[in-house]
């Protein structure tokens, strides 16, 4: 599909390889990864901000027990649904695992669709303060009293550059921007301009599974969401609400499918609306993921809709890893 990635010899060739298998939701990444794991000396590292949560299996399309038995995945089921996990934590955990995998004489195979995590590995992260639970409670209380648009106006006062690029209803990013300002007394926009520290001692082989026909990907997305409903997504979210003190502001409940199901259980959506909104939100997610992928350099693309896509990727990696 895309131009061949140039194979230019240089200092990077002396680094151990790491495979980055990326793609939008419903592009078949897990299936390809499992096929690769059965043929190549690789270990799979999940790059998915939803799979880190325990008990969130249906709506995240988490690999089932049989799949995990065939091809174990690192970095899934790490935290409870009320807890948080940042790109910085992912980067630290992934680099540790990559080193251990390499020391075992194997190749790290990083698989997922959370582009911010891939970006954190490839480009590094800005030095920002860690989340402060006390300050977050204060901000959340302010939002309950005055509403997020009011906090957006407060952000416009202290950090207009960040406020201008955020929607007044974007609670997650408004909260983080205000938190950073209250902790450091500096605007987030100012801190983001500082140079990043990048450390990735690997030769990253970047592969993207992208659809040759966007309409067919949308059909896959719709079919998969219907399957999630049939498997019990509504019951899963109901169970989570009963067993954890959750709210829609938490990262876990902002995951596509969970937010819409929450609103259905609260009587805000009909079942038809749940389907429509869930599918629409998943399509938007796929669109954002594809936009990220198109902006990345040095990526080898494969049509995720091709029936032999796993074999195509395997053949390509055989050349890159010099495996017969």
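Computed from the coordinates by the stated procedures, all read-outs in this text should not be read as laboratory data. In this text the structure is predicted, and so the values were computed from the model without any measurement. FYI the Cβ positions are ideal-geometry reconstructions off the backbone, even for glycines, and counts take in every protein chain you see.
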Rounded to 5, the percent of DSSP beta bridges in the chain classed as antiparallel = 5
Compactness of the range 74-174 as Cα Rg over 2.2 N^0.38 Å, two decimals = 1.39
Taking the alpha-carbon centroid of each part, what is the distance from the range 25-89 to the range 95-135 in angstrom?
-> 14
Can you tell me the order of 55-64, 305-314, 15-24 when each peptide is scored by its average per-residue count of other Cβ atoms within 10 angstrom, highest first?
-> 15-24, 55-64, 305-314
Pulled fully out, how much extra length does the chain show between residue 66 and residue 40, if you take 0.36 nm times their separation in residues and subtract their Cα-Cα distance?
-> 7.5 nm
Which parts of the range 225-245 would a label at residue 271 reach, counting a residue when its backbone N lies under 18 Å from a point 7 Å out along Cα-to-Cβ?
-> 225-239
hull vol. (C-alpha, convex hull) per residue for the range 171-241, Å³ -> 244
Stretched fully, the stretch from residue 296 through residue 244 gains (0.36 nm per residue minus C-alpha distance, one decimal, in nm) 14.9 nm
Plugging the Cβ-Cβ distance of residue 306 and residue 55 into 1/(1 + (r/R0)^6) at R0 = 56 Å yields, to the nearest 0.05, a FRET efficiency of 0.95
Using only the alpha carbons, work out the radius of gyration and Dmax of the range 104-143 in angstrom.
-> 16.7, 52
Crossing angle, helix 148-158 versus the chain [Cα axis fit, 0-90 degrees, rounded to tens] = 80
Using 7 Å Cα-to-Cβ label points, what is the residue 106/residue 142 separation (nm, one decimal)?
-> 4.7
Remind me, relative contact order of the chain in percent, using alpha carbon pairs under 8 angstrom and six or more residues apart?
-> 28
Would you mind computing, in nm to one decimal, how far apart the modelled labels at residue 127 and residue 316 are, each placed 7 Å from Cα along Cα→Cβ?
-> 3.7
On a 0 to 90 degree scale, rounded to 10, what angle separates helix 171-184 from the longest Cα axis of the chain?
-> 80
A student asked for the Cα radius of gyration and Dmax of the range 133-191 in angstrom ought to give 10.2, 29
Relative contact order, percent, of the range 133-191 when contacts are C-alpha pairs under 8 Å separated by at least 6 residues?
-> 33
Hey, what D do you get for the chain in µm²/s if you plug the Kirkwood alpha-carbon radius into Stokes-Einstein at 10 °C and 1.306 mPa s?
-> 75
How far is helix 214-231 tilted, in degrees, relative to the longest principal axis of the Cα atoms in the chain, given as a value from 0 to 90 rounded to the nearest 10?
-> 70
Which values of log₁₀ I(q)/I(0), to two decimal places, follow from the Debye formula for the range 145-263 at q = 0.13, 0.14, 0.18 Å⁻¹ with a uniform point scatterer at every Cα?
-> -0.88, -0.95, -1.01
Length released on extending from residue 170 to residue 186, taking residue separation times 0.36 nm less the Cα-Cα span | 3.7 nm
